[in-house]
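K.L.:
First, the structure itself, so that you have it in front of you.
The values are calculated or read from the model by the stated rules, or taken from the named source; none is laboratory data. Everything numeric in this text was worked out from a predicted model, so none of it was measured. Using ideal geometry, Cβ is built from the backbone for each residue, glycine included, and neighbour counts are taken over all protein chains shown.
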Amino acid sequence: MDRGEFHVLEDEGALAGCVYVELRGERSYVGLLSIDPARQHGGLGSRLLTVAEDRARSQGCAHMDMLIVNLRTELPPYYGRRGYVETGTAPFPTTTPTTMPCHFICMSKALR
């Protein structure tokens, strides 16, 4: 995470959410999008995702990539509505303990 940057969103003076963006040349990576549960379903996640995409676009990135855990079944449709498409899968790190078998779903969006 030392290669990227976090963007935070405040709402009514309190931390409402954050997102991580890493610029990787023509491609960029977005992850760790998180919104305070009490503030979810109000558009803040979409706002932060737009901030991340605009940041990558401003640095000349043509694509935004992400990895999501397959157990979060609500996430592919959420990101799909925002223009992301599934591009494959990747293994979950074996060094991270899990209670259920899982893997990553790779998603990407063209920024231009």
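K.L.:
Taking the stated definitions as given, is Arg81 of a type outside the set (Ser, Thr, Tyr) and either touching an Asp or Glu at 6+ places or on another chain (Cβ under 9 Å) or modelled with pLDDT under 95 (or both)?
P.N.:
The answer is no for Arg81.
Table: residues versus (1) surrounded by fewer than 18 Cβ atoms within 10 Å (Cβ to Cβ); (2) on the phi < 0 side of the Ramachandran plot; (3) assigned to a strand (DSSP E or B).
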{"site": "Leu23", "(1), (2), (3)": "yes, yes, yes"}
{"site": "His41", "(1), (2), (3)": "yes, no, no"}
{"site": "Gly60", "(1), (2), (3)": "yes, no, no"}
{"site": "Tyr78", "(1), (2), (3)": "yes, yes, no"}
{"site": "Pro93", "(1), (2), (3)": "yes, yes, no"}
{"site": "Pro97", "(1), (2), (3)": "yes, yes, no"}
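K.L.:
Using beta carbons and a limit of 6 Å, which pairs, at least six apart or on different chains, have the first residue in segment 18-40 and without any contact (Cβ under 8 Å) to a residue 40 or more places away in the chain and the second one surrounded by fewer than 14 Cβ atoms within 10 Å (Cβ to Cβ) and in a strand (DSSP E or B)?
P.N.:
That search, which allows pairs on different chains as well, returns Cys18/Phe6; Cys18/Val8; Tyr20/Phe6; Tyr20/Leu32; Val21/Glu5.
K.L.:
In segment 25-39, what count of residues is obtained for those that are within 19 Å of Ile68 (Cα to Cα) and surrounded by 12 or more Cβ atoms within 10 Å (Cβ to Cβ)?
P.N.:
10
K.L.:
Related question: Would you be able to say whether some residue in segment 92-100 is over 20 Å from Glu5 (Cα atoms), at pLDDT 95 or above and among the hydrophobic types (A, V, I, L, M, F, W, C)?
P.N.:
Yes, there is a match, as at least one residue in segment 92-100 is over 20 Å from Glu5 (Cα atoms), at pLDDT 95 or above and among the hydrophobic types (A, V, I, L, M, F, W, C).
K.L.:
Next up: Across segment 3-40, what is the total count of residues that are over 18 Å from Gly60 (Cβ atoms) and among the aromatic types (Phe, Trp, Tyr)?
P.N.:
Adding up the residues that qualify gives 2.
K.L.:
Got a number for residues in segment 1-21 being touching a Gly at 6+ places or on another chain (Cβ under 8 Å), among the aliphatic types (A, V, I, L, M) and surrounded by 15 or more Cβ atoms within 10 Å (Cβ to Cβ)?
P.N.:
Qualifying residue count for the region: 3.
K.L.:
Can you spot a residue in segment 73-91 that is under 12 Å from the mean Cα position of the chain (by Cα) and within 18 Å of Glu22 (Cβ to Cβ)?
P.N.:
yes
K.L.:
Could I ask something else about it? May I ask you to say which residue of Gly80, Gly60, Gly43, Gly31 is in contact with a strand residue (DSSP E or B) (Cβ under 9 Å, 6 or more places away or on another chain) and farther than 19 Å from Gly4 by Cα?
P.N.:
So the residue among Gly80, Gly60, Gly43, Gly31 that is in contact with a strand residue (DSSP E or B) (Cβ under 9 Å, 6 or more places away or on another chain) and farther than 19 Å from Gly4 by Cα is Gly80.
K.L.:
Also, quick follow-up: Specify the residue that is farthest from Val21 (Cα to Cα); the eligible residues are those in segment 99-108 that are out of contact with any Phe, Trp or Tyr (no Cβ under 9 Å at 6 or more places or on another chain) and in a strand (DSSP E or B).
P.N.:
Top of the filtered list is Ile105.
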